[in-house]
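**Student:** Mind looking over this structure? Questions follow.
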Amino acid sequence: RQRPRRPLRSSPPPAPCPAPDRQAHCSHRPGGPGTGRVVGKTPHPRRIPPSWCGTGRHSRLVVMTARFADRTTSMATDHGYGSPARRDHFLPPVLRAPFEGRTWREFGYLVLNLPLATAVFVFAVTMTSLGAGLLVTFLGIPVFAASLAALRGFGALERARARALLGLDVAAPEPVLSTARGRKNGAAAWIGGILKSGVSWRHLLYAFLHFPWAVFGFSVSVTLWVTGWSLLLYPLWQWVFPMWGGVDGLQLYGDGTHNFYLDTPLEIAATSVVGLLLTLMTPWIMRGLTSVDRLMVAGLLGPSRLATRVVELESDRGVVVDTAAADLRRIERDLHDGAQARLVALAMDLGLAKEKLAEDPQAAARMVDEAHGEVKVALQELRDLARGIHPAVLTDRGLDAALSAIASRCTVPVAVEVDLDSRPAPAIEGIAYFTVSELLQNVSKHARATRASVDVWRSEDRLMLQVRDDGRGGAGLTAG
């Protein structure tokens, strides 16, 4: 029978969180600092108010997010501290930008673009033209393949440079798929794999597109950056012109009869102000330029979306296979050690009772009675085993009734609140059921709690699950 629901916040709220800059849904354990925060969707504000943070009253906060889709399951947990404390800066971002390391790294990336892009462009044009010209012979295709393989090597260099200077971590694309089955056709299969790989041709396209953009980015960034700093520091080096150039200052205009030099204090100050504006504006222009480089590197030099999806599916399939194998081993072990052993003992007892039925009916009756008790225990074990595979109440009545049944077997009072407008996918219901079952077992065994609560609700396309208790806390990985 479903237990009556109680309000989730029936008890007085604990003290405010001592670290308000962290996630609102954290857990400060008396055994040491620690938090648990949600990765992905934001929890329902009604379920996890900020006032819940602060004391060891809620020693265990587990949030599971799972998609309602039939074939997609997403669970995210994170153990560690919340978001790092933000450093306070006295200067606004527009004034800090010229001195930040990010700006100088982006400037170095744009400067290196020109020589590297020129070399790759010349190589790509030369090898492509050579391969096209040799197509009339058997050497054209190997030349094409060798050039594409070399461009993949240049792509690895570009990804490393983007990782070091732009902070862009692009995974390496999938390797060349070779259909070779032996040493005789290994080279031919490798050439075929290179030519059939879309990644190789995307590297060639990158070589052609990146060169004009590198020229443009180099010209704009170097011109603005050098000009801005030169004009900003003009009062410091203006003395060079009258001492070594024979003129009063930097010439702004001259046609043979009229010359205009920046030499008066007002003109020098105005020049420095213009340089300051250029210096403050250039970092943001360079960030816009490097954003295009980021798009090109990630879109042309990284793995394709289809290949990434295939890798994810292969990983998910391996996890599913391992989980299924572990479940089968668990079921086999439970059957062998539990129900099977009892049934074997039951058969032996019934055999002995059959032999003594004529000689000692009373002893035979006692043995039959003991066998009847063994049958009941075996049936209970089989029922528990079937419930562990997939509970019937979950299939028949849904998540609300199934979680209430789990809560009724817990050693502490549990308030269950399920707020769902529709039933999730069966796989998601199973995940939620077994998660709550395991957590409530932990509450019963280790928490020393007096009450607990289970709250389930839907946030957009995700199932949010929270299990909370007022136990002693102190759980940690270091203590075992």
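The values are calculated or read from the model by the stated rules, or taken from the named source; none is laboratory data. As the structure is a computational prediction, the values presented were derived from the model and not from experiment. We place every Cβ from the backbone using ideal geometry, glycine too, and count neighbours over all the protein chains shown. These accessible areas exclude ligands, DNA and RNA; they are computed on the full protein's heavy atoms, side chains included. Shrake-Rupley method; radii C 1.70, N 1.55, O 1.52, S 1.80 Å.
**Student:** In the set R383, R330, which member is surrounded by fewer than 14 Cβ atoms within 10 Å (Cβ to Cβ) and touching a Gly at 6+ places or on another chain (Cβ under 9 Å)?
**Tutor:** Working: R383 fails: touching a Gly at 6+ places or on another chain (Cβ under 9 Å).
The unique qualifying residue is R330.
**Student:** A follow-up question, please. Looking only at the stretch 407-419, which residues are surrounded by 15 or more Cβ atoms within 10 Å (Cβ to Cβ) and either touching a residue at least 40 places away in the same chain (Cβ under 8 Å) or not assigned by the TED database to the domain that holds A449 (or both)?
**Tutor:** Applying the first criterion (surrounded by 15 or more Cβ atoms within 10 Å (Cβ to Cβ)) to the stretch 407-419 yields 407, 410, 412, 414-418.
Residues satisfying the conditions are A407, C410, V412, V414, A415, V416, E417.
**Student:** Then there's this: Given the conditions (1) of a type outside the set (D, E, K, R); (2) at pLDDT below 80; (3) more than 30 Å from G155 (Cβ to Cβ), and given that T308 satisfies all but one, which numbered condition is not satisfied?
**Tutor:** Only one criterion is unmet by T308, namely (3).
**Student:** In addition: Looking only at the stretch 119-132, count how many residues are open to solvent by 50 Å² or more (accessible area, probe 1.4 Å) and either more than 36 Å from the chain's Cα centre (by Cα) or free of Cβ contacts under 8 Å to residues at least 60 places away in the same chain (or both).
**Tutor:** The number of residues fulfilling the criteria is 8.
**Student:** Which of the residues that make up the stretch 93-110 are open to solvent by less than 60 Å² (accessible area, probe 1.4 Å) and either under 14 Å from I285 (Cα atoms) or not acidic (D, E) (or both)? Explain how you work it out, then say what you get.
**Tutor:** Filtering the stretch 93-110 for residues open to solvent by less than 60 Å² (accessible area, probe 1.4 Å) gives 96-98, 100-101, 103, 106-110.
Matches in the stretch 93-110: R96, A97, P98, G101, T103, E106, F107, G108, Y109, L110.
Residues checked against (1) surrounded by fewer than 17 Cβ atoms within 10 Å (Cβ to Cβ); (2) modelled with pLDDT of 85 or more; (3) over 28 Å from the mean Cα position of the chain (by Cα):
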residue	(1), (2), (3)
L135	yes, no, yes
A145	no, yes, yes
L157	yes, yes, no
A162	no, yes, no
V170	no, yes, no
P173	no, no, no
P212	yes, yes, yes
G217	no, yes, yes
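**Student:** What helices (runs of 4 or more DSSP H) completely inside the stretch 339-449 contain at least 3 residues that are within 30 Å of G474 (Cα to Cα) and at pLDDT 85 or above? Let's see the steps before the verdict.
**Tutor:** Details: elements: 340-356, 361-389, 392-397, 399-408, 426-442.
So the answer is 399-408, 426-442.
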